[in-house]
Amino acid sequence: MTTKCERCDAALKFDFRRWLLSGFLVAFWATIVASGVAAADRPNILFIFTDDHALNAISAYGGPLAGVAPTPNLDRIAGEGMRFDNCLVTNSICGPSRAVILTGKYSHLNGFRSNGDTFDGSQRTVPKLLRKAGYQTAIVGKWHLKSTPTGFDHFEVLRGQGQYYNPMLITNGEEVNHTGYTTDIITDRTIDWLESRDEEKPFFLMCQHKAPHGRWEPPLRHLTLFDDMEIPEPETLFDDYAGRSPAAANHEMGIADHIGDHRLMLKYSSRFTPEQFKVFDGYFRPRNEAFLKANLTGKERTRWHYQRYIKNYLRCVRAVDENVGRLLDYLDSNGLADDTVVLYSSDQGFWLGEHGWFDKRWIYEESLHMPFLVRWPGVVEPGSVNEDLVSNIDFAETFLAIAGEEYPTDMQGRSLLPVLKGNTPANWRKTFYYHYYEAGGHGVPIHFGVTDGRYKLVRFPDDKLDAWEFFDLKNDPQEMQSEYDNPEYSERITAMNQELSRLRRELGVSDGDRQ
Ligand code: CA
């Protein structure tokens, strides 16, 4: 009987211990190797996304406001990673840009053409594919697609636009009220999710701010920021829209006449606590009263509007930058920085007074360009700058490629992986198709067009307009003069028109999509 045999018993115990020990060592080694492979091949993906953040309000882009409104934390991503100078949005408006990012498909295929639409969450999206591939998926902040988020292990989102103070976040279906400044709270909740996540899996985390979307209510701590200076005015603040089709002149996004009391902080939008209101109103009320008493007119009034608008916008951006810094610090202090790809972008560009405008929508440069910064230690060369034509149509494919996954062939963009590695393929796109559908929003008609970075051809198909524009961006970077009727450009215009037709065929845009 083995139980009575001391030698046998001892041998058994010895074998068992040895088996246990060797098993433990093998398991331990396997874990080390596996985690090493996981770190190298399946990095975490942190997508920090804002709403309406213009390139000119990020100092890494070196625009006219870089000196007065620095963004050191966003600049840190650029300095430690790649800055994309030509990331173009397919449809320059909030919800549609988000739908493109989730699906890798243009608006006419993902079904979300304008902010009035509801996103079909049953379709294939990048969080669903990454979750299937073993990623933990979460979204915190602005969603803006109406339907309930799908494909996320955790969602915690604002309803619609949300508000700058004391937001309600729909947290996996439950309404949860928070007290404080929304940009700070979205970061708090993002860090809270990171703290509670399953550390055995890589994560795909979308941290999406409301800011700096209007109506620009700054945090209490930055109410007096920029008080002691005049922000430089853009050269085209008093654009008269001559030299182009009637489309631009018909706009309803003028800082002079359309910006309205809520966007100027002459009225407030958030529901404040009494303590918040005392400080907020204590700052704005005396200044508003002085403005109303002065009864400014004409350019003086527009200039006051511009200063009020741009300062509040930049104060909101300051809070964004601080909160980006908090997330970068969290990655550092938790040993996650090396294994996490950090991508920063915003759903489109924005007008900071150029052409006299606030808002976005147009195919023109400032609203067409999205900020895009990517840090990926060991893969992306620090401080690199890329000028290829890339787009939010490439984001889904890129997220999947970072995770080592194939992307579906019906996605319409391309993975930026080789671009991030500094090896842009020779057959990378040389032209880009744009299509805006939200007819009449801020007076902007439906339009579509093509650009190759040097030239831009624009079509306004509306029966009343029935117009074309053509810009030479090298000679006219501010797009003040359409050359569509200039015979010197006729061959170029013909070639661009052929390219426009080719892109529409390739992307499956039918004539019906003109309306
Ligand atoms: Ca937006």
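The values are calculated or read from the model by the stated rules, or taken from the named source; none is laboratory data. As the structure is a computational prediction, the values presented were derived from the model and not from experiment. Quick reminder, even Gly has a Cβ in these numbers, built from the backbone with ideal geometry, and neighbours come from all protein chains shown. In case anyone asks, the SASA skips ligands and DNA or RNA and just uses the protein heavy atoms, side chains included. Shrake-Rupley method; radii C 1.70, N 1.55, O 1.52, S 1.80 Å.
Quick one: is Phe155 over 30 Å from Tyr309 (Cα atoms), touching a Phe, Trp or Tyr at 6+ places or on another chain (Cβ under 8 Å) and open to solvent by less than 30 Å² (accessible area, probe 1.4 Å)?
yes
Yes/no matrix, rows are residues, columns are (1) open to solvent by 70 Å² or more (accessible area, probe 1.4 Å); (2) basic (Lys, Arg); (3) part of a helix (DSSP H, G or I); (4) in contact with a Gly (Cβ under 6 Å, 6 or more places away or on another chain):
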| site | (1), (2), (3), (4) |
| --- | --- |
| Glu235 | yes, no, no, no |
| Tyr241 | no, no, no, no |
| Leu266 | no, no, no, no |
| Phe277 | yes, no, yes, no |
| Phe284 | no, no, yes, no |
| Arg287 | yes, yes, yes, no |
| Arg303 | yes, yes, yes, no |
| Tyr306 | no, no, yes, yes |
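Any residue at all in the stretch 330-340 that is modelled with pLDDT of 95 or more, open to solvent by less than 10 Å² (accessible area, probe 1.4 Å), away from the ligand (no atom under 16 Å from the Cβ) and outside any helix (DSSP H, G or I)?
yes
Regarding the stretch 344-353, can at least one residue be identified that is away from the ligand (no atom under 16 Å from the Cβ), buried (at least 17 other Cβ atoms within 10 Å of the Cβ) and part of a helix (DSSP H, G or I)?
No, every residue in the stretch 344-353 fails to be away from the ligand (no atom under 16 Å from the Cβ), buried (at least 17 other Cβ atoms within 10 Å of the Cβ) and part of a helix (DSSP H, G or I).
Please tell me if Arg271 is part of a loop (DSSP other than H, G, I, E, B) and farther than 17 Å from Gly353 by Cβ.
When the stated conditions are applied, Arg271 passes them.
State which residue is farthest from Leu343 (Cα to Cα) when the search covers only the stretch 57-69 and only residues that are more than 18 Å from the chain's Cα centre (by Cα) and without any contact (Cβ under 8 Å) to a residue 24 or more places away in the chain.
By that ranking, first place goes to Gly67.
So which of Leu130, Leu158 ends up being in contact (Cβ under 8 Å) with a residue 24 or more places away in the chain and farther than 22 Å from Thr273 by Cβ?
Leu130
For the stretch 6-13, state whether one or more residues are open to solvent by 40 Å² or more (accessible area, probe 1.4 Å), over 29 Å from Arg414 (Cα atoms) and modelled with pLDDT of 95 or more.
There is no residue in the stretch 6-13 that is open to solvent by 40 Å² or more (accessible area, probe 1.4 Å), over 29 Å from Arg414 (Cα atoms) and modelled with pLDDT of 95 or more.
Here are the criteria: (1) away from the ligand (no atom under 16 Å from the Cβ); (2) over 10 Å from Ala396 (Cα atoms); (3) surrounded by 24 or more Cβ atoms within 10 Å (Cβ to Cβ). Tell me which single one Gly111 does not satisfy.
So Gly111 meets the others, but not (3).
If you check Asp388 against the conditions, is it away from the ligand (no atom under 16 Å from the Cβ) and farther than 28 Å from Asn73 by Cβ?
Judged against the criteria, Asp388 is not a match.
Which residues, taken from the stretch 228-256, are among the aliphatic types (A, V, I, L, M) and without any contact (Cβ under 8 Å) to a residue 24 or more places away in the chain?
Residues satisfying the conditions are Ala242, Ala249.
Does the stretch 315-328 contain any residue that is open to solvent by 10 Å² or more (accessible area, probe 1.4 Å) and either within 16 Å of the ligand (Cβ to nearest atom) or outside any helix (DSSP H, G or I) (or both)?
The answer is no; no qualifying residue exists.
Would you say Thr398 is assigned to a helix (DSSP H, G or I), of a type in the set (Ser, Thr, Tyr) and touching a helix residue (DSSP H, G or I) at 6+ places or on another chain (Cβ under 7 Å)?
Yes, satisfied.
Any idea which residue in the stretch 81-94 is farthest from Asp359 (Cα to Cα), counting only those that are buried (at least 24 other Cβ atoms within 10 Å of the Cβ), of a type outside the set (S, T, N, Q) and within 11 Å of the ligand (Cβ to nearest atom)?
This residue is Val89.
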